[in-house]
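The next block holds one structure in the form of structure tokens; read it before the comments.
The values are calculated or read from the model by the stated rules, or taken from the named source; none is laboratory data. Predicted, not measured: the structure shown is a model, and the values here were computed from it. Virtual Cβ from ideal backbone geometry, glycine too; neighbours counted across all protein chains shown. Side chains are part of the model used for accessible areas, which takes the heavy atoms of the whole protein and leaves out ligands, DNA and RNA. Shrake-Rupley method; radii C 1.70, N 1.55, O 1.52, S 1.80 Å.
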Amino acid sequence: AKDTIHTPSQALQYSLLHCLRSNYVGWHVLKKYITNVLLHPEQPTYRQIRISNPNFANNVWNTPARGVLFAAGFVEHGAYAELGTADQFPIARLDELSRILLSIEQWERRSKEIQAEQPHGADGYGRAGYRL
């Protein structure tokens, strides 16, 4: 991946594809954390997520969705995943996060479509007569 990914947008698409291929189910949790930042951009606490939070750890951090957060600009800082800690959050970053949320929703819809299309026993990797 390091030879083909050169932009945050490419990293986002790669991470979302990995979520899709691994049958990621925590879409709602991932979207909630990003939505919280969008709804409360003036509050740095919404841009600082405790990694040991069981809901966050199980549904986002210890899954392929961690790459989505990194592509969105989050960084690991000690016990937290942070997206800037300054009081003011740039408007341009909010626009970018909105586009990221839209991409997540599109990939989530695609994930549900694929799950509905797969025959019994399929795992998304071409087995049981199904191919991505």
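Having 1 or more residues that are polar (S, T, N, Q) and modelled with pLDDT under 95 is the bar; report the strands (runs of 3 or more DSSP E) wholly within the range 12-82 that clear it.
On the way: elements: 48-50, 75-77, 80-82.
By residue number, 48-50.
If a residue must be crowded, with 17+ Cβ neighbours inside 10 Å and not acidic (Asp, Glu), how many such residues does the range 104-114 contain?
Just the residues of the range 104-114 that are crowded, with 17+ Cβ neighbours inside 10 Å, to begin with: 104, 107-108, 111.
Then keep just the ones that are not acidic (Asp, Glu); that gives 104, 107, 111.
Residues in the range 104-114 being crowded, with 17+ Cβ neighbours inside 10 Å and not acidic (Asp, Glu): 3 in total.
Table: residues versus (1) open to solvent by 60 Å² or more (accessible area, probe 1.4 Å); (2) within 19 Å of residue 18 (Cβ to Cβ); (3) among the aliphatic types (A, V, I, L, M).
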site: 55; (1), (2), (3): yes, no, no
site: 60; (1), (2), (3): no, yes, yes
site: 68; (1), (2), (3): no, yes, yes
site: 71; (1), (2), (3): no, yes, yes
site: 76; (1), (2), (3): yes, yes, no
site: 89; (1), (2), (3): no, no, no
site: 93; (1), (2), (3): no, no, no
site: 97; (1), (2), (3): no, no, yes
site: 100; (1), (2), (3): no, yes, yes
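Based on this model, can you work out whether residue 60 counts as under 26 Å from residue 91 (Cβ atoms), aliphatic (A, V, I, L, M) and touching a residue at least 12 places away in the same chain (Cβ under 8 Å)?
Yes: the conditions hold for residue 60.
Right, residue 93: among the basic types (Lys, Arg), over 30 Å from residue 115 (Cα atoms) and in a helix (DSSP H, G or I) or not? Even if it seems obvious, please write down each step before you answer.
Numbers: among the basic types (Lys, Arg): yes; over 30 Å from residue 115 (Cα atoms): yes; in a helix (DSSP H, G or I): yes.
Taking the combined requirement at face value, the residue satisfies it.
For the range 103-116, name all the residues that are within 12 Å of the chain's Cα centre (by Cα) and either farther than 13 Å from residue 27 by Cβ or charged (D, E, K, R) (or both).
105, 108
Could you grab me the full set of residues in the range 1-49 that are open to solvent by less than 40 Å² (accessible area, probe 1.4 Å) and of a type in the set (D, E, K, R)?
47
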